[in-house]
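Reviewing the structure listed below.
Just so it is clear, none of the values below were taken in a lab; they were calculated from the coordinates. Values in this document were obtained by computation on a predicted structure and should not be read as measured data. FYI the Cβ positions are ideal-geometry reconstructions off the backbone, even for glycines, and counts take in every protein chain you see.
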Amino acid sequence: MRIFNGLTLGAGLFATVISASAQAEEAKVAAIVKGLDNPFFQYMQKGIEEQAKADGVGVTVQAAANMGDATGQADKLTALAMQDFDCYLTNPISVSNLVQALVPVAQKKKPIVNIDSTIDPEQAKAAGFGVSTYIGTDNVAAGALAGEEMLKLVPTGSKVALIAGIVGDVGSNARIKGFKQAVEGKLEVVVMVSADWDREKALTAATDILQAHPDLAGFFAANDIMALGVERAVQTSGKEVKVIGLDGIIDALKSVAAGELSATVAQYPYVVGAMGVEACKAAAMGKELPANVPAPVLLINKDNAEASLKNFPRPGGDYPDPFREMLK
Amino acid sequence: MSLPADNAPAAPRAGATEESRPSLAALLLDPSFWADWASVVGLVGLVILFGITQPVFLSVANLQALLLAAAILVVLSIGQTFVVATSGIDLSLAAAVMLGAVILGLANAAGWGVFAACMLAVAATSAIGLLNGVLITAGRIPDFVVTLGTLSGITGLGLIISGGEPTMVGSTFLLKLASGSFGPFGYPVWVAIAAVVVAHIALYHTRFGVHLLATGGQAESAAALGIRTDRVKIAAYTISGFCAGIAAILLVARIGSAEPQINTSLLLNSVAAVVLGGVSLFGGRASILGPAIGALMLTALVNGLTLLSVSAFYQPLAVGVIVVLAALIMRYQK
Amino acid sequence: MSTVNHIAPSEAILACQGLSKHFGGIRAFTDVGFEARRGEVTAVIGDNGAGKSTLIRCLIGVHVPDGGTIYFDGRQHPFSNPDEARKAGIETVHQNLALIDELTVAQNLFLNREIVRRIGPFALLDRKAMKAQARAMLSRLSINVPSVSQRVRRLSGGQRQAISICRAAGSGAKLVVMDEPTAALGVQETANVEALIRKLREQGVSVILISHNFDQVRRLSDQIWVMRAGRMVATVRASETSGNELVALVTGAA
């Protein structure tokens, strides 16, 4: 009985394994991203896989079990490092969790492409390697775009409120910082609260803020999920308050198109993933890569929301891509 | 005392008969043998399966990496085993690891020596275990409620003291701990081996171990014989906290920073390893080698699936299937 | 209590005077005097709720009495927990046997008085010695179990009862207290356990036996104490009484 169970299990696993057999391509890329429990990284994975197919590159995408699985991500990268890939595409959970796992990769002199979240350069240097290139979005610039849009939407001197993510989150801080810089001296930031990236918490916080500041003109939320929660609170209050989000998730684009959210600043994890694969291919061809490549950030408002939705998860328009030029 | 043979009671042949060792065939036919050794059978099965399908799996480098990756989970599974043996469960284990890591990081950043910081981290997580034990025994609150409460409390505490931000720990000692090796194994593996040996002796060769199993098996009976079951339970939770502290040190060494993020898979896998290891969730029956091998097996599973390029989506599913199967097998233990 | 004859203290292994215990407003027993003589089997009988079990629990330290004094082995002994009583030499065979199913026979026999070897600051179990002594303990009382390494879970009811009694008697206890030792057993197993109790007595162990079974009490014991409605109402020599008299004493029809 027990042996039988074991065999059934073994056979099941074996079947899974066979179906996932590898194929032969001119270059093989190993990609390790953060938890796939978040749509952001699912689009990144999609970008990686579709670009790899387009470029004729073989790719294996692995991910951490969740956003807290720093060691699990390192373990998986360690396993990938055992195998013979031509380039390693890494989106680390923290600035340091993959450093040790990358040491054997560096020893084999394989290029390391860092996307989205940075690897701490000093720790990398201490461990004896450097990344070939970093591709990511500039959160400060994205926040500034949102701030500039807010300036267009509300009169100078209006009151605005900020909804941040988890306290101390680097991304949240950068986005808020960009927004504040853009509106400094022109708008009055009356309050900033943390809603932990959570829609319901943002809704509750916004409801309270609207009670406390009846003359509020606008909200900036550090991500779209929270912005959608804020928008719900604004609708319930019946007031005319502008809400701007950031990320460019599909629900937010729909909301902008429907005239609910005023705007969102779209980042493109799909493009980050795709550019990463291009960078890997270029590196495998022996090209010199630029150290730092900003991924596109676009402001989406009523004018371009439909076009963005149509192309989702790709951007609505063209964007600068140095790697594409290299591969030509 | 004299032994009056002429007035013997009804039992015809007196005394315990000679120890009889069951034959191998009888052993193989005994369902409880398979239940007890589910983790070993599983591990051997996985090694064969992955060894055939992906030769890299059996390379020395990969096996070393696998053991290194398993070290943290092995230590945590041992802690969880002591608690489960008392028929309890420690849901705050992964959170305690996080808090231990954060305390280590902050103490180190505040200028403490790395040894002192490690001691402080272990003391803090042990204190959490102690608190769990005291609340469960003195407060007469069910274990999962208490540890769920401390799970949330610790999560908050970790965020508060860290301000939600990670702390770099650039200690050369920890770097050496994580990357250095002695003989065939890395230091973390030796730490795990030491933990297994110490825990095995504590469970099987000390009075505490017997009292732990008695408390988990039939607490009332144990108490009637004068075993202080409350103390035993408190000790079990404190050991669990202590193990969380050791795991926190290994974790910080491995990822180079202390982060206020809880890795929930560590908690789930620690319980899974305990189940795979043939430890009864109703208490009273435990081993140390079983859960350690269970932890190894879970790590080997993820390692093998990664090597085979199986999508990350399928990996939790595979772990889930194996754990539930193991739990099913456990039903035959009696 | 005119029927309660006092004996010289040196003859009593255990004695108590004026013992009372209340749980909240509920009186378990009041002003109880009781003695168990050295080397004898002393029975306590009474109807359900008469206070027998609570009295015994007070004598072995499970409950602390509200008033009165307890003498054990010639000294005044207020036991605050069963462990103290155990250390003083009172062993108890509980109604639920207090066996741990998942532990082996040997582990159960030595539970909470394990034999250890000291290695520096550490104390490790001497499993070999415990197994050997367990075999000796079992054979001294002519108890038959397949192996001392067997888990108790796999033993029959009679075997479990025997293990429990063996544990109580085996540590050189001065007094063994048994609460309904044959209540859950069949005829043959009951006979085995009764033989075991006789054997204890022959070996000079004092026994206190709580039972519902008047015939058994008359067969096994030397002295019988009767409780009714929280009081000790009578004591008789087993050889000088009849079943009918016991029934009358227990029900209060005398």
* Asked: Over the alpha carbons of region B:158-293, what is the largest minus smallest coordinate on each principal axis, giving the biggest first in Å?
  -> 52, 41, 24
* Asked: If you place +1 on the Cβ of every Lys and Arg and -1 on the Cβ of every Asp and Glu, how big does the dipole about the Cα centre of region A:139-267 come out, in debye to the nearest 20?
  -> 200
* Asked: Rounded to the nearest 20 Debye, what is the dipole magnitude of the protein assembly as shown about its Cα centre when Lys and Arg each give +1 and Asp and Glu each give -1 at the C-beta?
  -> 2700
* Structure fact -> Sorted by chain and then number, the residues having a modelled amide H within less than 5 Å of the amide H of residue C:22, at least 5 places away or on another chain, are C:28, C:66
* To do: Pull up the cross-link candidates among the lysines for residue B:233, meaning alpha carbon to alpha carbon under 30 Å and not fewer than 8 places away within one chain.
  => B:334, C:87, C:128, C:131
* Pick out, from A:261, B:311, B:271, the residue whose Cα sits farthest towards the positive end of the charge dipole of the protein assembly as shown, with +1 on the Cβ of Lys and Arg and -1 on the Cβ of Asp and Glu. => B:271
* Karplus 3J(HN,Hα) series, Hz, for region A:108-114 with 6.51 cos²θ - 1.76 cosθ + 1.60 (x for Gly, Pro) -> 7, 6, 8, x, 10, 9, 9
* To do: Output ³J(HN,Hα) for region A:55-61: one whole-Hz value per residue in order, computed from phi by the Karplus curve 6.51 cos²θ - 1.76 cosθ + 1.60 with θ = phi - 60°, and x for Gly and Pro.
  => 8, x, 10, x, 9, 10, 9
* **Given charges at Cβ of Lys, Arg, Asp, Glu: the protein assembly as shown dipole, positive-most of C:243, A:58, A:145** => C:243
* **Folded to 0 to 90 degrees: helix B:314-330 orientation relative to chain B principal axis, Cα** => 10
* Going toward the positive end of the dipole of region A:139-267, with +1 on Lys and Arg Cβ and -1 on Asp and Glu Cβ, which of A:202, A:176, A:237 do you reach last? -> A:176
* Structure fact -> Quick calc, chain A, dipole around Cα centre from Cβ unit charges on Lys, Arg (+) and Asp, Glu (-), nearest 20 debye, gives 340
* To do: Kindly give Rg over Rh for the protein assembly as shown, based on alpha-carbon atoms, with the Kirkwood expression for the hydrodynamic radius.
  => 1.12
* Per-bin percent of Cα-Cα distances, chain B [10 Å] -> 6, 24, 31, 23, 10, 4, 2, 1, 0
* To do: Check the straight Cα-Cα distances from residue C:52 and name the lysines below 16 Å, setting aside those fewer than 8 residues away within the same chain.
  => C:21
* To the nearest 10 degrees, how steeply does helix A:2-19 sit against the main Cα axis of chain A, on a 0 to 90 scale? -> 80
* Asked: At q = 0.08, 0.18 Å⁻¹, what base-10 log of I(q)/I(0) does the Debye formula yield for region C:9-251 when every alpha carbon is treated as an equal point scatterer in vacuo?
  -> -0.31, -1.39
* Asked: Among the helices of chain C (complete DSSP H runs), which have Cα atoms covering no less than 30 Å along the helix axis and a Kyte-Doolittle mean of at least 1.6?
  -> none
* To do: Give the residues of region B:151-172 whose amide nitrogen is closer than 16 Å to a point set 7 Å from the Cα of residue A:37 in the direction of its Cβ.
  => B:152, B:155
* Where only C-alpha atoms are counted, convex hull volume of chain A per residue in Å³ -> 163
* List the lysines whose Cα lies under 30 Å from the Cα of residue A:159, skipping any in the same chain that are fewer than 8 positions away. => A:177, A:180, A:186, A:201, A:239, A:242, A:254, A:302
